[in-house]
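The values are calculated or read from the model by the stated rules, or taken from the named source; none is laboratory data. It should be emphasised that the depicted structure is a prediction, and the values quoted were computed from it without experimental measurement. FYI the Cβ positions are ideal-geometry reconstructions off the backbone, even for glycines, and counts take in every protein chain you see. Heads up: the accessible areas ignore ligands, DNA and RNA and are worked out on the full protein's heavy atoms, side chains in. Shrake-Rupley method; radii C 1.70, N 1.55, O 1.52, S 1.80 Å.
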Amino acid sequence: MWRRLGQIMEPPQRDGWANSHAMVPFLDAHDGKLELYFSSRDSAGHSHTGRAALTLPAAGDSQVTVAPDPVLSPGPLGGFDDS
């Protein structure tokens, strides 16, 4: 059963790829672990997909560990994934 927890993480501050936002979340649950995928914006406003390990204890605050590098970043100018 799902229950609303409210905001579980602040937008990450990672050099280069994550200066603002943690939007469009997607949660992947497998092998008893939770991975949170999200979109962040760099200083030019381009979106990058990040990943974080998520722990939701029965009581207390959630623990979120954001990976240092993005999972996906924009491709080269003119490519289908350039923005």
Taking a probe of 1.4 Å and leaving out DNA, RNA and ligands, the chain shows per residue an accessible area in Å² of 74 Å²
Sorted from largest down, what three extents in whole angstroms do the Cα atoms of the chain have along their principal axes?
47, 23, 21
Across Leu36, Leu72, Leu54, the residue with the highest GNM fluctuation in the chain (Cα network, 10 Å cutoff) is Leu72
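Loop sites only, by DSSP: take the chymotrypsin sites (Phe, Trp or Tyr not before Pro) in the chain that have at most 15 other C-beta atoms within 10 Å and name the longest stretch containing none of them. Spell out each step's value before the answer.
Values: sites that count: Trp2, Phe80.
Here the longest run is 3-79.
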Rounded to a whole number, what % of the accessible area of the chain do carbon and sulfur atoms account for, probe 1.4 Å?
54 percent
